[in-house]
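Engineer: Sharing a structure below in structure tokens format, with a few things to ask.
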Amino acid sequence: MVVDARFAVLKPVRSQMGLVLMESYWITDLPQRLWQGVAGQFGSRTELIAENEKLKTEALLLQGRLQKLAALTEQNVRLRELLNSSALVNEKVEVAELIGVDPNPFTHRILINKGERDGVFLGQPVLDARGLMGQVVELMPYTSRVLLLTDSTHSIPVQINRNGLRAIASGTGNPERLELRHVADTADVKEGDLLVSSGMGERFPAGYPVATVNQVIHDSGQPFAIVRAIPTAALNRSRYMLLVFTDSRTPEQRATEAAMAQEEADRKGTSAAPAAPANATTPAAPANDQGTPSAPTNAAPSSSAPAQPSATPAQPAATPEQPRRP
């Protein structure tokens, strides 16, 4: 033991002994493996029947879910078509991906893979498929940091979609909760009310979902009610999000430019319609021949080669008019 502990002389001997003892290990474990094999071969018939019934039930459920796949596929196509119609609204969006989360537990910030080179700007709104998530607070060439709505330093002007009541939604540091500040105790706020961005402050576009009211506490001794809401966006789960590029034009400017574009399109359409018959100069020559016989004679040399045959029928037209002149 002393030699084995202090020197490496016995290492080859230990290796050979391990090779010999491996056979004894295998022989020692043989009864256990034989018993497991026999037990597997002669399993309980009742257990096999129960397992078979369970598998049949699971297969039936999976087939029922599979039948909905066609309907879900069609719904996905319709939603994609709706997303492609974003060019008709006032905002332009660009898809960004989450690549990092701030490890500080007292701040709610995330890192996305779009930066200044992609046109991102400070204060740009960020949303996911369910609602607003936050705004860009730090720019880098290829990445950006986004401050989430639930950060304790963030606030956003909102309004209740049901009655238009305006308020300020502030973050609480809890990723599942927002609070409405300084809401009068007599204000018309109910559980389940949808809060949307009001557009005031010109930072967030108006009309996007922000949160849903889940708790309203009235205290007769306090001038303000306690209103708590749950963000509609999946702040802790969303992987892909949209960067909103707002349109700085006023509604009047947008309406005027849309009307001018429509008028220009109509003008091009009407000017293109008579252009086709204007090129057909050949049938116009006989009509002029019936009015004045001298007109086609002068027009023949100035016209192109296909217009020369029209001068041939003009000669008989001059023959019957010669007796009328005397």
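The numbers here are math on the coordinates, done by the rules we state, and not lab data. These numbers were taken from a predicted model, which means no experiment stands behind them. Cβ sites come from the backbone with ideal geometry, for glycine too, and all protein chains shown count toward neighbours.
Engineer: Determine, for each peptide in 21-27, 124-130, the mean count of other beta carbons within 10 angstrom over its residues, then list the peptides with the highest first.
Structural biologist: Per-residue Cβ counts within 10 Å, averaged per peptide and sorted highest first, yield 124-130, 21-27.
Engineer: Would you mind counting up the charge near His108? Only other residues with Cβ under 14 Å from its Cβ, with Lys and Arg at +1 and Asp and Glu at -1.
Structural biologist: 0
Engineer: Determine which lysines satisfy two conditions relative to Lys268: a Cα distance under 29 Å, and not lying fewer than 8 residues away in the same chain.
Structural biologist: Lys92
Engineer: I need the peptides 229-236, 33-40 ranked by packing, meaning the mean over residues of other C-beta atoms within 10 angstrom, with the highest value on top.
Structural biologist: 229-236, 33-40
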